[in-house]
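Each reported figure results from applying straightforward, stated rules to the coordinates on display, with no laboratory input. No experiment lies behind these values; they were computed from the predicted model shown. For neighbour counting, all protein chains shown are included, and Cβ atoms are generated from backbone atoms with ideal geometry for every residue, glycine included.
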Amino acid sequence: MQLGRVARWVLGGITTVVLALIYLPLGVVFLNSISTSESLTWPPPGFTLEWWRRAMHSEGAFEALGMSVMVALAASAIALVLGTLAAMALSRHRFFGKESVNLLIVLPIALPGIVTGIALNNAFRTLMGVQLAVWTLIIAHATFCIVTVYNNAFARLNASGTRLEEASMDLGAGLFTTFRLVTFPHLKSALMAGGLLAFALSFDEIIVTTFTAGTGVTTLPLWILQNMFRPNQAPVVAVIAVILAVVSVVPLAIAQRLTAKDAEAVSR
Amino acid sequence: MEPAIRLRGLHKRFGDTVAVADLDLDIAAGEFFSMLGPSGSGKTTVLRVIAGFEQPTAGTVELFGKDVTALAPFARPVNTVFQDYALFPHLSVIANVEYGLRVAGVGRRERRAQAEEALASVRLAGLEDRRPHELSGGQRQRVALARAVVLRPQALLLDEPLGALDLKLREQMQVELKELQRSLGITFIFVTHDQDEALTLSDRVAVFDAGRVVQLGTPREVYDHPRNPFIASFVGSSTLLEPAIAEAFGLPAVATAVRPERVTLDAPAGGVRGTIAEVIYTGPEHRIVVDLEGLGTRITALEPNMGAAHERRRGDAVTVAIDPAGAAALESEAPAA
């Protein structure tokens with residue numbers, strides 16, 4: 001479609017404004033992390049690496065980082081196993097209630113975090129009568145992490161159809177051999193992408209986390225929230241926020257590249 | 001002799017759709033057997049039932065005297081060449097061909113040797129390390145063949161294997177398939193919607209329509225004596241004559257199918273007079289449509305291209321006759337499935 005010159009300028013302008021609104025605040029956070037001002041003031045009076053040095057020595061922040069990574073890894077691992085199994089079941093078999101199961105698996109990503117949070121909090125404490133702890137948090141995260149793994153695996157399995165698996169069985173391979181030699185290699189990059197997305201989702205999750213983490217279980221986002229308004233901590237928080245942004249963006253970028261490259265390979 | 005493949009009372013329903021209706025079929029060992037029919041006629045379903053990808057709703061599949069109806073695809077002594085080849089994209093050509101041997105536990109060196117031999121037999125030596133996406137359609141086709149025959153199956157199932165190839169390549173592959181089948185000496189079951197391919201390659205052809213075999217015979221039987229109007233027009237082309245028209249040509253007064261090459265336009269006497277309505281030049285021959293005088297219908301004739309000097313023209317008067325041996329009396333339309 002050809003656009004007139006005016007239309008192109010206007011659309012370009014709108015795009016610039018929207019992107020600026022999203023990314024300028026990120027830049028501000030970065031500036032704050034190297035500003036000499038202790039409260040998040042604008043414009044920064046001068047620049048220093050003091051906050052980065054202090055952040056590097058902040059035990060709370062590093063414990064929280066460790067906790068976040070551990071929870072994200074565990075939730076992603078659970079999601080990888082269950083998401084793959086669910087995708088195999090739903091793409092390869094016909095059974096009663098299949099559509100509903102599909103919806104139920106995907107729903108957690110659309111549900112407001114606050115609803116998931118309250119529901120799980122109630123389920124853990126009232127229904128099951130257990131103390132909130134790290135594992136309750138991991139399970140809570142796994143509920144929405146499954147979605148990204150499942151969606152990626154399901155899309156890949158549906159795109160390829162059953163032909164490769166049929167060919168494998170025809171050549172004498174049983175179910176497990178077929179999964180090991182054909183289905184899994186074919187799914188690998190989709191699972192990788194799904195797993196990385198799951199990791200990123202879990203890593204910066206705060207709402208569900210608030211409702212399902214046991215006392216003393218502090219993830220990085222929780223730590224930031226707790227420290228944001230404490231005197232002298234604001235610039236350190238900015239430092240952590242920058243780290244958090246980088247840690248979340250990198251897996252996303254890798255995941256996106258994996259998916260694009262594979263879509264290409266599959267279509268060939 | 002015991003048939004290689006015996007289907008008894010085979011019935012397959014998908015929901016409310018009947019894909020295959022009460023099929024009985026015996027296919028002899030070493031036979032090149034084609035299943036020919038339009039899409040949706042059930043031929044591919046029969047192939048998939050033989051391979052084990054589909055469970056029949058009713059009926060049995062016997063391979064070499066053994067009932068395999070309940071066996072999984074990997075437990076059946078047959079292999080398949082798939083329509084889209086279904087090569088494993090993450091494996092090299094040689095690894096694709098080795099696949100079946102690998103899962104059967106054949107040693108590394110032994111399976112490499114066998115796979116290379118199979119690749120050589122389809123004239124693909126030297127491409128071992130390529131990936132499927134780096135091959136042309138014809139090459140992929142050969143890999144798929146090598147991958148199946150390396151396992152020395154008792155029967156090879158081919159699901160429209162040439163459908164994706166262009167005409168020249170298809171003709172070449174037809175010859176190679178036939179040679180391969182002769183040298184292996186195994187049963188080939190070949191599914192196609194291309195009547196030309198079926199007639200060229202097969203020892204016997206089963207014509208499918210709406211889930212049933214409507215005619216079974218040698219290519220000559222099927223082509224020269226189509227049993228009903230569907231077969232007469234699906235396998236090759238025919239002019240269908242009403243009983244009264246057939247009678248006007250001196251044939252028995254029943255519905256009759258006539259192949260255009262059995263129609264003569266310069267009959268000495270006793271022919272039906274007509275006027276040429278259309279002359280279609282196809283290269284090797286002319287397809288000539290004639291308006292039959294006083295009969296209110298047309299007939300198509302085929303004449304070899306003998307050069308421009310012999311070309312007929314629209315409006316020319318001709319005397320039409322039909323070789324009685326080339327006219328096929330038809331049964332009424334096949335019963336609706």
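When B:Lys168, B:Lys43 are sorted by how many other C-beta atoms sit within 10 angstrom of their C-beta, beginning with the fewest, the order is B:Lys168, B:Lys43.
Rg and Dmax of segment A:58-267, both derived from C-alpha coordinates alone, stand at 19.4, 69 Å. From least to most packed, judged by other beta carbons within 10 angstrom and beginning with the fewest, B:His11, A:His93 follow the order A:His93, B:His11.
The lysines whose alpha-carbon is closer than 27 Å to the alpha-carbon of B:Lys168, local same-chain residues fewer than 8 away aside, are B:Lys43, B:Lys178. Scattering from segment B:52-197 was approximated by placing one identical point on each alpha carbon and applying the Debye formula without solvent; log10 I(q)/I(0) at 0.15, 0.20, 0.21 1/Å stands at -0.79, -1.32, -1.41. Straight-line reach only, C-alpha to C-alpha below 13 angstrom: list the aspartates and glutamates that A:Lys188 could link to, leaving out same-chain residues fewer than 8 apart. Filter leaves A:Asp262. Electrostatic tally near A:Leu171: other residues with Cβ closer than 13 Å to its Cβ, Lys and Arg +1, Asp and Glu -1, net +2.
Report, to the nearest 10°, how far helix B:108-121 tilts away from the longest principal axis of the Cα atoms in chain B, using its own Cα long axis and a range of 0 to 90°. So the inclination is approximately 20 degrees.
Projecting the Cα positions of A:Asn227, A:Ser160, A:Gly174 onto the charge dipole of chain A (unit charges on Cβ atoms of Lys, Arg, Asp and Glu, taken about the Cα centre) puts A:Ser160 furthest along the positive direction. Over chain A, DSSP H runs of length four or greater, each weighted -39,500 (n - 2.57), average out per residue to a 222 nm ellipticity of -25000 deg cm²/dmol.
Rounded to two decimals, the Cα radius of gyration of chain B over 2.2 N^0.38 Å is 1.18.
Over chain B, DSSP H runs of length four or greater, each weighted -39,500 (n - 2.57), average out per residue to a 222 nm ellipticity of -8000 deg cm²/dmol.
The Cα trace of the protein assembly as shown gives Rg and Dmax of 35.3, 118 Å, the first to one decimal, the second as a whole number. Listing A:Arg8, B:Arg109, A:Arg163 from fewest to most neighbouring C-beta atoms within 10 Å gives B:Arg109, A:Arg8, A:Arg163. For segment B:5-232, the relative contact order comes to 28 percent (Cα pairs under 8 Å, sequence separation of at least 6).
Note on chain B: with a GNM built from Cα contacts shorter than 10 Å, the maximum mean-square fluctuation among B:Thr44, B:Thr69, B:Thr200 falls on B:Thr200.
Here the spin labels are modelled as points 7 Å beyond Cα on the Cα-Cβ line, and at B:Ser237 and A:Ala260 they lie 5.1 nm apart.
With an 8 Å Cα cut-off and a minimum separation of 6 or more residues, compute the relative contact order for segment B:1-102 in percent. Once normalised by length, the contact order is 27 percent. Taking the C-alpha atoms only, the angle from helix A:98-110 to the longest principal axis of chain A is near 10 degrees.
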